[in-house]
Every structure is written in structure tokens, then in C-alpha cells.
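Contents: one structure, followed by commentary.
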Amino acid sequence: PPSPLWALPEELLLLICSYLDAQALGRLAQVCRRLRFLSSRDVLWRRMARGCLNSGFTQLGTDLAPGIPVKERVKVSQNWRHGRCRRETVLKWKCKQVVFFSSFFLMPWMELDGEYLYLSQAENIQAYPLCPEGAGLQCHPQAIFSGHQEDVCRFVLANSHIVSGGGDGSIVLHKIHGSYSVKFSAHEQEVNCVDFQGGLIVSGSRDRTAKVWSLSTGRVGQCLHTVQTEDRVWSIAISPLLSSFVTGTACCGHTSPLRIWDLESGQLLTCLGTDFHHGAGVLDVFYETPSLLLSCGYDTYIRYWDIRTSTRKCVQEWEEPHDSALYCIRSDKNHMIASGSSYYGVVRLWDKRQTRCLQSFHLCSPTSSPVYCLRFSTTHLYAAVASALHVLDFTA
């Protein structure tokens, strides 16, 4: 006769299964087809997924990858935690000589969306289609966005537009699906960093200024504010609330390299931190939420700032084990951080709940360059050095 268990409503069966861990749910799935279907429901795996690395959930519980079953994301998350992945060099290009104490050449930057990876190579930005199921890139770009006379330093992808800053001091705006583009002279020296949100561009330059630009109709390319930072600006980011922006500078003066400015007036709102050493420049910044911010740079530390609690001291910090500069940083907006260092092209994965590095991957030989930029999805991590683009596939 049928088991009384099957007579229970599905809601009660799901409630009973919710007390099981991942191993028990896996064993339950081997009993019969009905239990296999029941034990694979997203609602049972969601709680576990929110505690996993890079499972597609933010700290607030927002699902960033609704098209992927949560159970599969939990399985892939274990690969992230244990460093199980397939490594591949998907693109190579000729590298210019790097001239120290002068301008850096060919420092690639990239952005990633659902179908394409956008990569800067010299003065162009190229769009490479992702292969089916994320297995690498197609060999040839589908589109090329140009306009700079010198190398692209940074660019950002937002609202179907690409905004880039170049070594020629200009900013170029491209519409991704169309021929529309605008170029305007922005700074006296190279534009090291840009961000674009809500119809506004913010840019930072070696000329020791940060600027706010309008993209509204009839005012495209008009400078709204010029901020005198008194130091070279290496990184910049607009707050998700579109009320302020943060600049990361070279820290060669007497002020904090991390400062937050009002987006509407251009006035200084606050400085972050008080214990930066001379030369501890901030090379990358990343907003997780309007009040949570990550920074990294020359002093080898990743710092986690909560503006609600204190602007004088970060709430957490992690130190690069080999005392090397950190060029780039990203997080899954939950538990995982990925960083790229100048030490032999090393990418590191960090769990915010731990103090030590979780995993590290050497992408290059000892004579190769730093990791200048990285981006990741729930299954892949892309990392760019001066001569190649590498991918780590964690579905392996």
C-alpha cells in the first residue's frame, strides 16, 4: 500500500525536507523519481545557497541568477570553495613594452554581460561573444568600438552604452547596438577611471582632478563639476543611490586617498580612514550596497567599509600574503571576494567570514605582468593580464 508520507500535502513534505542538509537531500533524491523532483526544488536549496560562495544571492537575498537552478549553484559553489576548476587561456595578444616611472601601456580592462565580454586592447574595445554554456569565447570579436588616439585606460558598461576614458585625455560614449558615439576632451592628462550611472559620468585623471559630466539631452559632454583632488585619481565609483561618488587617489599628499563627494554639488562629504601610509594609493573601489564599499591598492590590503558605522576605520581587512599591490577587486555582493595582484599574475578568492585567503591561482609565469582586471559570473572567472585573457571554469 502507498506510504502515508505521500498523503501529506506538498507544502508539508517541503517543510520536512527543509530540515535536511545537502548530503541528506542528495540521498533522498536517489530513492525515487518523485523524491528526486521534490528534493531538487529551489525553495529547499535557497537557504543553503545564501551561505555559499558566489551562488548568485546578495546579502539581502536578491537572486542575481534566476535562470540557473539553485541546487546546481550550490554544487558549483563547492568548486569555488575548493578551487576545483578548468583553466584556459582564451585570448592572446602582442604586448607593448612597459615603461616604468612613465605611462603604462596596454593595461587591459573588461566588462561582462550575459552574452558578451568587452575587452580593451590598445585604443579599441572589442566585444567577444561567449560560447554556448559559457565554454570560453569566440576567437574573433563581433564588434569593435574605437575613438581614442591612445590606449583605453578604463571603461564601464551600463544602460546599453560603453563609456571609456583614454590616455589621450578624452571620454568616448558608444551606444552598443547602434552607430551613435560621442567624444569629448575631458582632462589635460590620461583619464585613469570612469563610471556611468543615471545619465551622469564621473571621471578621474592623472591631472589631479575628478569631474562630473552630463549626458542629458542638449547637454551631452557638459562638465557640471570639477573636483580638485590634489592627487592623481586612480579609481572612481558612483554610489548606487546616485547621490555621491568615491575617488581613490595616489596618497602622495596629506589627505586620505578615499574620499566621498556629493554628486549634485561636487562638495567633499567625508574621508574614509586615517591610517593610510604615504604612497598607499587606491587602485580599485567597488560598491556592494549604498553603504558597503570595498577598496584595494598599493598597500596590499583589501578593506571593507561600512559608512553607516564609521568613516574613520574599516570594518574588515584582508592582507595580500605576498606583500604585493592589489590592482583589482570584485565581490559577489555576499560572501566572496576576488582580487588580482601584481605578484606573478595571481588571482585570489576570499571568504569574508575568514581572515586567510581561501584559494589562489597563478595565471602567469614569474616574468609576466599583474592581473589588471577580473570579472566573474556564478560559474566562470575571467582575468586579464598584459598579454592574455584567462578563464577559470568552475563547472568542471
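The values are calculated or read from the model by the stated rules, or taken from the named source; none is laboratory data. Just so it is clear, the structure is predicted and the values come from calculations on it, not from any experiment. Cβ placement follows ideal geometry from the backbone for every residue including glycine, while neighbour counts extend to all protein chains displayed. Calculation scope for accessible area: heavy atoms of the full protein, side chains included, ligands and nucleic acids excluded. Shrake-Rupley method; radii C 1.70, N 1.55, O 1.52, S 1.80 Å.
Before moving on, here are some points about what is shown:
- Cys193 vs. criteria touching a His at 6+ places or on another chain (Cβ under 7 Å) and either buried (at least 22 other Cβ atoms within 10 Å of the Cβ) or of a type in the set (Asp, Glu) (or both): no
- Pick from the range 238-259, criterion open to solvent by 10 Å² or more (accessible area, probe 1.4 Å) and in a strand (DSSP E or B), ranking: nearest to Ile302 (Cα to Cα): Arg259
- Residue match in the range 338-349 (condition: open to solvent by 10 Å² or more (accessible area, probe 1.4 Å), closer than 22 Å to Cys193 by Cα and either polar (S, T, N, Q) or touching a Phe, Trp or Tyr at 6+ places or on another chain (Cβ under 6 Å) (or both)): yes
- Of the candidates Phe276, Phe286, the single residue that is among the aromatic types (Phe, Trp, Tyr), in contact (Cβ under 8 Å) with a residue 24 or more places away in the chain, in contact with a strand residue (DSSP E or B) (Cβ under 7 Å, 6 or more places away or on another chain) and open to solvent by 20 Å² or more (accessible area, probe 1.4 Å) is Phe286.
- Checklist (1) of a type in the set (A, V, I, L, M); (2) farther than 27 Å from Phe155 by Cα; (3) open to solvent by less than 20 Å² (accessible area, probe 1.4 Å) applied to Leu358, failing item: (3)
- From Glu115, Glu150, residue being surrounded by 14 or more Cβ atoms within 10 Å (Cβ to Cβ), of a type in the set (D, E, K, R) and at pLDDT 80 or above: Glu150
- Pair list, Cβ < 9 Å and 6+ apart or interchain, from the range 334-351 residues that are in the same structural domain as Tyr301 (by the TED database) and more than 19 Å from Met107 (Cα to Cα) to residues that are acidic (Asp, Glu) and open to solvent by 10 Å² or more (accessible area, probe 1.4 Å): Asn334/Glu288
- Among the residues of the range 25-68, those that are open to solvent by less than 30 Å² (accessible area, probe 1.4 Å) and either without any contact (Cβ under 8 Å) to a residue 12 or more places away in the chain or part of a helix (DSSP H, G or I) (or both) comprise Leu25, Gly26, Ala29, Leu35, Leu38, Ser39, Leu44, Trp45, Ala49, Gly61.
Residues are listed down the side, and each one gets a yes or a no for (1) aliphatic (A, V, I, L, M); (2) modelled with pLDDT of 95 or more; (3) farther than 22 Å from Trp234 by Cβ:
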{"residue": "Leu349", "(1), (2), (3)": "yes, yes, yes"}
{"residue": "Pro370", "(1), (2), (3)": "no, no, no"}
{"residue": "Ser377", "(1), (2), (3)": "no, no, yes"}
{"residue": "Ala384", "(1), (2), (3)": "yes, no, no"}
{"residue": "His390", "(1), (2), (3)": "no, no, yes"}
